[in-house]
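The values are calculated or read from the model by the stated rules, or taken from the named source; none is laboratory data. What you are looking at is a predicted structure, and each value in this text was computed from that prediction instead of being measured. In this analysis, Cβ positions are derived from the backbone assuming ideal geometry, glycine residues included, and neighbour counts consider all displayed protein chains.
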Amino acid sequence: MKVSVIISTFNSAKTIEDTLKSVISQDWPDLQIIIQDGKSTDDTGTIVAKYPIAMAGWQSEPDNGIYDAMNKGIRRATGDVIAVLNSDDVWLPGTLERINSVFLRNPDVGIVSGSIEVWEDSPGGTKVVLRSSLLYLRKNMTIQHPATFVRRNVYERVGFFNTRYRFSADYDFVLRCLEANVPWIILDDVFVRMRAGGKGTTFNFDDWAIRRSYKLSSVVSESIICTNSFVRYLLRKIILKIFGRRTLSTFRGYLWKKRIYR
């Protein structure tokens, strides 16, 4: 099974090498690495050039956000299965071997999703394992996208990421796949270590717009969800500004202990 992994980068010099090492160390015999760079101005390209298998898939040009970059990468992918990995995330050892075995045993399955470990890149930082689930998508995006592997023919069938959503196009893609009845397997295996930050901890209105477009919730429940999200976002900002990063880490750890899904 040929695997294509798409890594979107923009000024990722501080983290891209760890990401590439985690991919190359899978020692997979048929692997395509696609680096879709948004015209970085730091040493991202220089670091990628150290790894010929990665440099072979390097393309650097302006894009219209991360999902536009992912779409460009998908168009260039030639693998049977496509993975999308952030430029500051890493695959855990044995990830591709496990994924390959699942797809081989289930030839009709289009998507396989696992869990991620989210951690704070700071001394004493907290961490949490977040699982994937198809049961709670009515409330939020509960598929862990960096730990999700998709057959290329699924993209050909349901389309790519909708770039009108700047932060949550993966949520929309997941819901489209469910509407199309794409067979899906959820695993408990942790495939990815992911630094805290990004869409999962940032308040935005994309999730609201997506839930409303799929008629997943009422206006009242959406108001409650959005208010709670916005309050948590403000609390994090206030705690960081007044009490500092260590207190924010403690607060985040308290919230994370009650979470199973993103």
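Output the residue which, of all residues in the stretch 133-167 that are hydrophobic (A, V, I, L, M, F, W, C), touching a helix residue (DSSP H, G or I) at 6+ places or on another chain (Cβ under 8 Å) and part of a helix (DSSP H, G or I), is nearest to R212 (Cα to Cα).
Looking at the filtered set, the residue picked out is V158.
Any chance the stretch 116-136 includes a residue that's modelled with pLDDT of 95 or more, surrounded by 21 or more Cβ atoms within 10 Å (Cβ to Cβ), within 30 Å of C226 (Cβ to Cβ) and touching a Leu at 6+ places or on another chain (Cβ under 7 Å)?
yes
At pLDDT 95 or above, under 30 Å from R105 (Cα atoms) and among the small types (G, A, S): is that true of A77 in this structure?
Values: at pLDDT 95 or above: yes; under 30 Å from R105 (Cα atoms): yes; among the small types (G, A, S): yes.
Yes: the conditions hold for A77.
Kindly list, by first and then second residue, each pair from a residue in the stretch 47-67 that is more than 12 Å from Q36 (Cβ to Cβ) and at pLDDT 95 or above to a residue that is outside any loop (DSSP other than H, G, I, E, B) and not acidic (D, E), limited to pairs with Cβ atoms under 6 Å and residues at least 6 apart or on different chains.
From the stretch 47-67, the pairs are I47/I16; A49/M55; Y51/L20; I53/I33; M55/V48.
Could you please find all residues in the stretch 80-90 being assigned to a loop (DSSP other than H, G, I, E, B), at pLDDT 95 or above and within 16 Å of the chain's Cα centre (by Cα)? Please lay out each step first, then the result.
Step one: of the stretch 80-90, the residues assigned to a loop (DSSP other than H, G, I, E, B) are 80, 87-88.
Still in the list and also at pLDDT 95 or above: 80, 87.
If the condition is that a residue be assigned to a loop (DSSP other than H, G, I, E, B), at pLDDT 95 or above and within 16 Å of the chain's Cα centre (by Cα), then S87 is the only one that fits.
Hey, P183 hits all of (1) surrounded by 16 or more Cβ atoms within 10 Å (Cβ to Cβ); (2) in contact with an Asp or Glu (Cβ under 6 Å, 6 or more places away or on another chain); (3) at pLDDT 90 or above but one; which does it fall short on?
Here P183 meets the rest and fails (1).
Pairs needed: first member in the stretch 75-96, within 18 Å of D30 (Cβ to Cβ); second member anywhere, of a type in the set (A, V, I, L, M, F, W, C) and surrounded by fewer than 19 Cβ atoms within 10 Å (Cβ to Cβ); C-beta distance under 6 Å; at least 6 residues apart or different chains.
D80/M1; L96/W28
Looking at Y261, Y254, Y233, which is the one that is at pLDDT below 80, out of contact with any Gly (no Cβ under 9 Å at 6 or more places or on another chain) and either over 17 Å from Y136 (Cβ atoms) or part of a helix (DSSP H, G or I) (or both)?
Details: Y261 fails: either over 17 Å from Y136 (Cβ atoms) or part of a helix (DSSP H, G or I) (or both); Y233 fails: at pLDDT below 80.
From the options Y261, Y254, Y233, the qualifying one is Y254.
Answer yes or no: is there a residue in the stretch 10-17 that is exposed (fewer than 14 other Cβ atoms within 10 Å of the Cβ), modelled with pLDDT of 95 or more and either farther than 24 Å from F191 by Cα or touching a Pro at 6+ places or on another chain (Cβ under 8 Å) (or both).
First, the residues of the stretch 10-17 that are exposed (fewer than 14 other Cβ atoms within 10 Å of the Cβ): none.
No.
Residue under question is F161, and the condition is that it be farther than 25 Å from F205 by Cα and among the aromatic types (F, W, Y); does it hold? If you could, list the steps in order and put the result at the bottom.
On the way: farther than 25 Å from F205 by Cα: no; among the aromatic types (F, W, Y): yes.
Considered against the rule, which asks whether it is farther than 25 Å from F205 by Cα and among the aromatic types (F, W, Y), F161 comes out as no.
Of the residues that sit in the stretch 46-68 and are assigned to a loop (DSSP other than H, G, I, E, B) and among the aliphatic types (A, V, I, L, M), which one is nearest to N11 (Cα to Cα)? Give the derivation first.
So the first thing to find is which residues in the stretch 46-68 are assigned to a loop (DSSP other than H, G, I, E, B), and the list is 49-51, 56-57, 61-65.
Now restrict to residues that are among the aliphatic types (A, V, I, L, M): 49, 56.
On the way: A49: 15, A56: 19 Å.
Step by step, filter the stretch 46-68, then rank; the result is A49.
Counting only residues that are buried (at least 22 other Cβ atoms within 10 Å of the Cβ) and within 18 Å of V3 (Cα to Cα), how many does the stretch 34-53 have?
3
Considering only the stretch 146-160, I want to know if a residue exists there that is surrounded by fewer than 19 Cβ atoms within 10 Å (Cβ to Cβ), in contact (Cβ under 8 Å) with a residue 24 or more places away in the chain and under 16 Å from the mean Cα position of the chain (by Cα).
Initial filter on the stretch 146-160 (surrounded by fewer than 19 Cβ atoms within 10 Å (Cβ to Cβ)): 152-153, 156-160.
Right, trim to in contact (Cβ under 8 Å) with a residue 24 or more places away in the chain and you get 152-153, 157-158, 160.
Going one step further and asking which of them are under 16 Å from the mean Cα position of the chain (by Cα), we end up with 160.
Checking the stretch 146-160: at least one residue is surrounded by fewer than 19 Cβ atoms within 10 Å (Cβ to Cβ), in contact (Cβ under 8 Å) with a residue 24 or more places away in the chain and under 16 Å from the mean Cα position of the chain (by Cα).
Any chance the stretch 115-132 includes a residue that's within 11 Å of I186 (Cα to Cα) and in a loop (DSSP other than H, G, I, E, B)? Talk me through it step by step, then tell me what you get.
So the first thing to find is which residues in the stretch 115-132 are within 11 Å of I186 (Cα to Cα), and the list is 115, 131-132.
Filter again for in a loop (DSSP other than H, G, I, E, B), leaving 131-132.
Yes, the stretch 115-132 has at least one match.
Step by step: first the residues of the stretch 196-230, then only those that are of a type in the set (K, R) and either at positive phi or modelled with pLDDT of 85 or more (or both), then the one that is farthest from the chain's Cα centre (by Cα). Which residue is that?
So the first thing to find is which residues in the stretch 196-230 are of a type in the set (K, R), and the list is 199, 211-212, 215.
From what's left, either at positive phi or modelled with pLDDT of 85 or more (or both): 211-212, 215.
Working: R211: 19, R212: 22, K215: 24 Å.
Going through the qualifying residues, I end up with K215.
Exactly one of these conditions fails for W91: (1) in contact with a helix residue (DSSP H, G or I) (Cβ under 6 Å, 6 or more places away or on another chain); (2) surrounded by fewer than 17 Cβ atoms within 10 Å (Cβ to Cβ); (3) among the aromatic types (F, W, Y). Give me its number.
(2)
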